[in-house]
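The values are calculated or read from the model by the stated rules, or taken from the named source; none is laboratory data. It should be emphasised that the depicted structure is a prediction, and the values quoted were computed from it without experimental measurement. Cβ coordinates were reconstructed from backbone atoms using ideal geometry, including for glycine residues, and neighbour counts include every protein chain displayed.
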Amino acid sequence: MSIKATIGQHLFIGISGHALTKDEKKFIVENNIGGICLFGRNVAEPKQVRELCAEIQSLRHLQADKAPLFIGIDMEGGRVHRLKPPFTVWPPLRKLGDLDAPTASFHFANRMGQEMKAVGINLDFAPSVDVFTNPANTVIGDRSISDDPEKVARHVSALVRGYIKSEIITCAKHFPGHGNTIVDSHYDLPVEDLDMQRLESLELIPFKKAFKARVDMVMTSHIKFPKIDPEWPVTLSEVFIKKIIRDECRYRGFVITDDLGMKAMASHFGIEEIPVRALKAGAELLLYCNEPEVPPQALEAILGATAQGVLDQAELEATHKKILDFKKIKIPNPDPLSLEEVNQIVGSPENIKIATAIANGTMPEGLLPE
């Protein structure tokens with residue numbers, strides 16, 4: 001296995017439209033890219049999403065590893081809801097907190113997951129584990145379950161289990177919590193005045209619960225906490241990733257970055273510096289969502305840093321093996337279901353009934369206990 005192919009498996013990239021371009025296919029195949037991240041620009045009706053996912057997965061046969069690709073999407077419910085009708089429209093997580101019935105949260109995730117899995121999506125960048133501690137925070141708002149960390153923890157556990165039951169890979173975000181920020185990291189780097197004692201007593205409670213529920217991935221936030229790491233924001237911080245996530249929380253799943261093209265990163269650090277620093281800090285999967293010219297530059301930067309000994313090649317190879325082992329277990333059937341099956345699952349009357357009840361603040365009828 002070439003070192004370039006080893007590095008490629010660590011990367012997620014965004015794509016431009018409803019189908020892959022010739023250049024996108026070439027880049028994904030030649031560089032053994034590990035994952036694709038879908039956005040609103042990539043998805044229309046179920047048939048198109050199914051065909052796109054089938055096209056993406058067909059590339060694995062041409063790649064060095066012959067491994068399934070991660071196909072991820074942001075499907076939280078509410079504002080962050082990439083799949084539009086006839087997919088079921090799910091309410092924001094705040095509605096689950098208001099209802100406060102973990103059984104409903106389990107079925108919310110499980111049914112949403114079944115629709116994603118049917119069309120070939122295998123990873124949801126969800127649930128949002130942020131505790132809503134600042135009413136002025138419009139970035140998170142009703143994306144958060146509650147302002148009560150124990151309530152968030154209860155529902156996060158149910159959501160993670162619901163996604164896992166539907167064979168969707170889960171990702172708790174945005175570590176260690178985005179619920180207190182005013183600044184949107186899409187546009188600049190938020191700086192928070194919180195110390196470790198505060199995080200332990202509040203923000204980390206639901207993350208620890210998600211870890212116990214065996215969430216597959218945790219996504220780092222692009223937030224700087226000077227009282228904890230005066231030099232680096234979380235995504236680039238060994239203090240947060242190696243010391244807090246790995247040593248103190250004893251988390252053994254994957255650490256994935258938020259989009260490294262966000263202004264919180266790109267306005268403060270160099271394009272070549274960001275991926276190298278993130279890997280050095282302990283991140284294992286790097287997310288590049290929107291700028292097609294950046295992933296090739298990131299790949300070259302990582303390649304150069306490995307050749308110079310800045311990054312440890314043995315560590316990259318160990319993570320590469322971890323990714324392949326995980327995919328073998330978690331993505332045994334990477335291809336979408338038949339269109340006939342998709343049409344039976346997506347936007348089913350039962351799913352719409354559950355989503356509507358939760359949106360209206362009532363317990364859906366007939367839900368079986370987990």
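Picking from residues in segment 138-150 that are over 15 Å from Arg79 (Cα atoms) and not small (Gly, Ala, Ser), the one that is surrounded by the fewest Cβ atoms within 10 Å (Cβ to Cβ) is Glu150.
Can you say whether Leu202 is in contact with a Pro (Cβ under 6 Å, 6 or more places away or on another chain) and over 20 Å from Thr257 (Cα atoms), as far as the supplied structure shows? Here the answer is yes, as Leu202 does meet what is asked. Considering only residues in segment 56-85 that are part of a helix (DSSP H, G or I) and touching a residue at least 24 places away in the same chain (Cβ under 8 Å), the one that is farthest from Phe27 (Cα to Cα) turns out to be Gln57. Checking each residue in segment 197-217 for being within 29 Å of Ser267 (Cβ to Cβ), of a type in the set (A, V, I, L, M, F, W, C) and assigned to a loop (DSSP other than H, G, I, E, B) picks out only Leu202.
Number of residues in segment 1-41 that are in a loop (DSSP other than H, G, I, E, B) and more than 17 Å from Leu303 (Cα to Cα): the value is 8.
For the subset of segment 323-370 comprising residues that are assigned to a helix (DSSP H, G or I) and in contact with a Ser or Thr (Cβ under 6 Å, 6 or more places away or on another chain), which member is surrounded by the fewest Cβ atoms within 10 Å (Cβ to Cβ)? Step by step, filter segment 323-370, then rank; the result is Ile352.
From the list Ala172, Ala118, the lone residue that is hydrophobic (A, V, I, L, M, F, W, C) and within 30 Å of Leu339 (Cα to Cα) is Ala118. Quick check on my filter: what residues within segment 159-174 are surrounded by 24 or more Cβ atoms within 10 Å (Cβ to Cβ) and either among the small types (Gly, Ala, Ser) or part of a loop (DSSP other than H, G, I, E, B) (or both)? Residues satisfying the conditions are Gly162, Ile168, Thr170, Ala172. Take the conditions in contact with a helix residue (DSSP H, G or I) (Cβ under 7 Å, 6 or more places away or on another chain), in a loop (DSSP other than H, G, I, E, B) and within 23 Å of Arg214 (Cα to Cα) and apply them to Ile145. Does it pass? Criteria met by Ile145. Restricting attention to segment 268-277, which residues are in a helix (DSSP H, G or I) and either surrounded by 17 or more Cβ atoms within 10 Å (Cβ to Cβ) or under 17 Å from the mean Cα position of the chain (by Cα) (or both)? Result: Ile274, Pro275, Val276, Arg277.
Selection of segment 238-267 for residues being in contact with a Ser or Thr (Cβ under 8 Å, 6 or more places away or on another chain), surrounded by fewer than 24 Cβ atoms within 10 Å (Cβ to Cβ) and farther than 25 Å from Lys321 by Cβ yields Met262, Lys263. Can you confirm whether segment 266-287 contains a residue that is modelled with pLDDT of 95 or more and of a type in the set (Ser, Thr, Tyr)? No: segment 266-287 contains no residue that is modelled with pLDDT of 95 or more and of a type in the set (Ser, Thr, Tyr). Just one residue in the set Thr88, Thr103 is at pLDDT 95 or above, in a helix (DSSP H, G or I), of a type outside the set (A, V, I, L, M, F, W, C) and touching a helix residue (DSSP H, G or I) at 6+ places or on another chain (Cβ under 9 Å); that residue is Thr103. The residues in segment 278-293 that are part of a helix (DSSP H, G or I) and either more than 19 Å from Ile323 (Cβ to Cβ) or touching a residue at least 60 places away in the same chain (Cβ under 8 Å) (or both) can be counted, and the count is 1. Considering every residue within segment 304-318, establish whether at least one is among the charged types (D, E, K, R), buried (at least 19 other Cβ atoms within 10 Å of the Cβ) and in a helix (DSSP H, G or I). No; the residues of segment 304-318 include none that is among the charged types (D, E, K, R), buried (at least 19 other Cβ atoms within 10 Å of the Cβ) and in a helix (DSSP H, G or I). Scanning segment 195-204 turns up no residue that is basic (Lys, Arg), touching a strand residue (DSSP E or B) at 6+ places or on another chain (Cβ under 6 Å) and either surrounded by 16 or more Cβ atoms within 10 Å (Cβ to Cβ) or on the phi > 0 side of the Ramachandran plot (or both).
In segment 179-196, the condition of being within 16 Å of the chain's Cα centre (by Cα), modelled with pLDDT of 95 or more and assigned to a loop (DSSP other than H, G, I, E, B) is met by no residue. Within segment 118-137, being surrounded by fewer than 21 Cβ atoms within 10 Å (Cβ to Cβ) and touching a residue at least 40 places away in the same chain (Cβ under 8 Å) holds for Thr133, Asn134, Ala136, Asn137. Taking residues in segment 240-254 that are farther than 24 Å from Pro226 by Cβ, and partners anywhere that are charged (D, E, K, R), the pairs with Cβ atoms closer than 6 Å and at least 6 places apart or on different chains are Gly253/Asp216; Phe254/Glu284. Take the conditions touching a Phe, Trp or Tyr at 6+ places or on another chain (Cβ under 7 Å) and either of a type in the set (Phe, Trp, Tyr) or free of Cβ contacts under 8 Å to residues at least 40 places away in the same chain (or both) and apply them to Val310. Does it pass? Here the answer is no, as Val310 does not meet what is asked.
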